Amino acid sequence: MAATSAGAENPDAVTAHALYVYAADDPDETSLAVGEEIIVLRRPNAQWWYGVTQAGEGFFPAEYVKAAGSASPGVGRGRSRTVAEQVLDEATS
């Protein structure tokens, strides 16, 4: 399934881009390439998200991607910002 068609099928899907290379270790994971577009289909927890990449569909580390419109990697419904991130934002605004 292509990343662009997966987003059209799921109106809650979010676009993200890979910040780092990730090589999938398990069959239910997907690999990431730097800069690759990912369609995030689910964010079950703060550490692992589920989505579609060019390599296929599966779980990947949330910290390895940046959701579109997000200032920090992994920020979204599945991860709240840390106190350090909030303080840094307040100091630079």
Would you tally the residues in region 52-69 being touching a Ser or Thr at 6+ places or on another chain (Cβ under 7 Å), modelled with pLDDT of 95 or more and closer than 12 Å to V14 by Cα?
0
Looking across region 33-52 at residues that are open to solvent by less than 40 Å² (accessible area, probe 1.4 Å) and in contact with a helix residue (DSSP H, G or I) (Cβ under 6 Å, 6 or more places away or on another chain), the single one that is nearest to E63 (Cα to Cα) is W49
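The values are calculated or read from the model by the stated rules, or taken from the named source; none is laboratory data. Being a predicted model, the structure only gives us computed values, none of them experimental. For neighbour counting, all protein chains shown are included, and Cβ atoms are generated from backbone atoms with ideal geometry for every residue, glycine included. The protein model used for the area step is the full one, side chains on, heavy atoms only, and it has no ligands, DNA or RNA in it. Shrake-Rupley method; radii C 1.70, N 1.55, O 1.52, S 1.80 Å.
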